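Enquirer: Let me begin by handing over the structure; questions about it come next.
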Amino acid sequence: MQIYVLIMVIYFIYRIVVKNNKQLEVLLACSYAIGAEVFFRMTKAYIFYETGKYLVIFFIILGFFYTSFNRKAIIYFLFLLLLVPAILVSFDLLSSDVNFRKSILFNLSGPICLAFSALFCYGRKVKMQEMLVIMDYFIFPLLATTVYVTFYNPDIQSVVTNTESNSALSGGYGPNQVATVLGLGSFMLLSRLFLPYKNKLVHFVMMFFLVAMAYRALLTFSRGGIYVAILMTLVFIISYYFSTGVLTKAKIALKLVGIAAVAIGIWFFTLVQTGGLIENRYVGKDALGREKGDITSGRGVLINTEIDAFKTNPVFGIGAGRMKEEFSEELGITSASHNEVSRMFSEHGLFGILALLLLVFSPIITKLSGRKNIFFLPFFIFWGLTIIHSSMRIAAPAFIYGLCLLNVQYVEKKDTIHRQQALKKR
């Protein structure tokens, strides 16, 4: 698998250097990298844990050698500057036995990856067909992921003994991260049900994988990625429905009936395969059907600790990467809340709040300025909710945030001119 990663990197470098459409090639390379990140992690393909994020940054820097960036994107340089004070605080306060470089990079590789993605994508124009290809390059490695987790442990009932997140059904890796990427992949494939592949055989195969991907995402017993995918789907369908004509609305309504039937079928099949435990997981009960006292699986306590840390250091925060020390001192555990919002509050203080506000309002202002992107709301929701339940442990939220900033062209100008000329002749 390490050889495969090396071949993949060389292949995309070659495409970026040789192909004419540098912008598209960079986006395809980044999309494939984030789609494959979790698969590469679970198969021990990476030498460094954060390689996925480093690859996205590398491909974007390579792209900047061939393409410029929008001057208005300079605001994301400000975002990076807002992270600096907490780094300086950490430099003074981190204990001597903590590796400064690893501690800082591990916590800031996600935000840095996001900043580079935003700098590259801000205001760039892509055709709708190109946008769909970018999504396909994310989906391709997820097909391999789905097959891998299926064969990793085919005997489902032998490993489902409680309602906790199940790594055995997640390829031996973190269920939260697997559910997150499979949920995102399921959304992207479902969007192709409304924006179908031209080749009918390809379309049929992809719809089969949509069902398989959604099923395996459920089997992880991790709820965050599932909830986010469902919300993204609802928002996309509503947006798409109200942007189409009467005939298309009727087709959408018919497809919704099919989606509901398949979704119910997947749920009941999963229910049978897990002996009913999947239902207990989603209603907040344990394996014996008893109500759980803490539906947040202990994260509420961690978040409260982060809020207390913010109260004691509201301006500069306690320092980047220092919450693990705080959890160890206050709670006697080595864990993380996996909530990027509360972490930015506690570790970066007021500067973290300003950085988050910048990330929230910048794409919204971009959208209100007239930029078109039918995937804006679903992708923005994915970024916002994923960093709350999974932080930025994977590169997907960072790059998907960048895709929110793209300006999608639905009809080419040349086509519009030709149509207008044809109408005049008639």
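The values are calculated or read from the model by the stated rules, or taken from the named source; none is laboratory data. In this text, all values refer to a predicted model and were calculated from it rather than measured experimentally. Note that we place each Cβ from the backbone using ideal geometry, even for glycine, and neighbour counts take in every protein chain shown. Calculation scope for accessible area: heavy atoms of the full protein, side chains included, ligands and nucleic acids excluded. Shrake-Rupley method; radii C 1.70, N 1.55, O 1.52, S 1.80 Å.
Enquirer: Quick check: residue separation of Glu164 and Val18 times 0.36 nm, minus the Cα distance between them. What number comes out in nm?
Expert: Here the answer is 47.8 nm.
Enquirer: Here's something else I'd like to know. What FRET efficiency do you get for Ser243 and Phe91 if R0 is 60 Å and r is their Cβ-Cβ distance, rounded to the nearest 0.05?
Expert: Working: r = 50 Å, r/R0 = 0.84.
Here the calculated transfer efficiency is 0.75.
Enquirer: Would you mind getting the accessible area per residue of the chain, heavy atoms of the protein chains only, 1.4 Å probe, in Å²?
Expert: Value returned for the chain: 47 Å² of accessible area per residue.
Enquirer: Still on this structure: For the chain, which whole-number percentage of the solvent-accessible area (1.4 Å probe, protein heavy atoms only) is attributable to carbon and sulfur atoms?
Expert: 67
Enquirer: So which of Lys198/Lys249; Lys125/Lys198; Lys72/Lys200; Lys311/Lys372; Lys22/Lys72; Lys53/Lys127 end up more than 30 Å apart by C-alpha?
Expert: Distance filter (> 30 Å) returns Lys72/Lys200; Lys311/Lys372.
Enquirer: So for the pair Leu80, Ala250, with labels modelled 7 Å out along Cα→Cβ, what separation do we get in nm?
Expert: 5.4
Enquirer: With all protein chains present and a 1.4 Å probe, how do Phe268, Phe120, Phe106 order by accessible area, largest first?
Expert: The ordering from most to least exposed comes out as Phe268, Phe106, Phe120.
Enquirer: I've got another one for you. Using a 1.4 Å probe on the protein heavy atoms only, what accessible surface does Lys72 show? Give it in Å² to the nearest 10.
Expert: Solvent-accessible area, nearest 10 Å²: 140 Å².
Enquirer: Count charges around Phe40 for me, please; just the other residues with Cβ under 15 Å from its Cβ, Lys/Arg as +1, Asp/Glu as -1.
Expert: Net charge in that neighbourhood comes out at +2.
Enquirer: First measure r as the distance between the Cβ atoms of Tyr4 and Val202, then evaluate 1/(1 + (r/R0)^6) with R0 = 25 Å and state the FRET efficiency to the nearest 0.05. Spell out each step's value before the answer.
Expert: Working: r = 23 Å, r/R0 = 0.93.
About 0.60, to the nearest 0.05.
Enquirer: Please give the Cα centre distance for region 347-389 versus region 26-66, rounded to the nearest Å.
Expert: Region 347-389 and region 26-66 have Cα centres separated by 22 Å.
Enquirer: Hey, another quick one. For Gly110, what is the net charge nearby, where nearby means another residue's Cβ is under 9 Å from its Cβ and Lys, Arg count +1, Asp, Glu -1?
Expert: Taking every other residue near Gly110 into account, the sum is 0.
Enquirer: Compute the signed sum of charges (Lys and Arg +1, Asp and Glu -1) over the other residues within less than 11 Å, Cβ to Cβ, of Gly183.
Expert: +2
Enquirer: Residues of region 373-388 with amide nitrogen under 18 Å from the 7 Å Cα-to-Cβ point of Met128?
Expert: Residues passing the 18 Å test: 373-379.
Enquirer: Grab the beta carbon distance between Ser68 and Glu291, set R0 = 60 Å, and tell me the FRET efficiency rounded to 0.05.
Expert: The calculated FRET efficiency here is 0.60.
Enquirer: Roughly how many nanometres apart are two label points built 7 Å out from the Cα toward the Cβ at Ala263 and Asp155?
Expert: Reported label-point gap for Ala263 and Asp155 is 3.5 nm.
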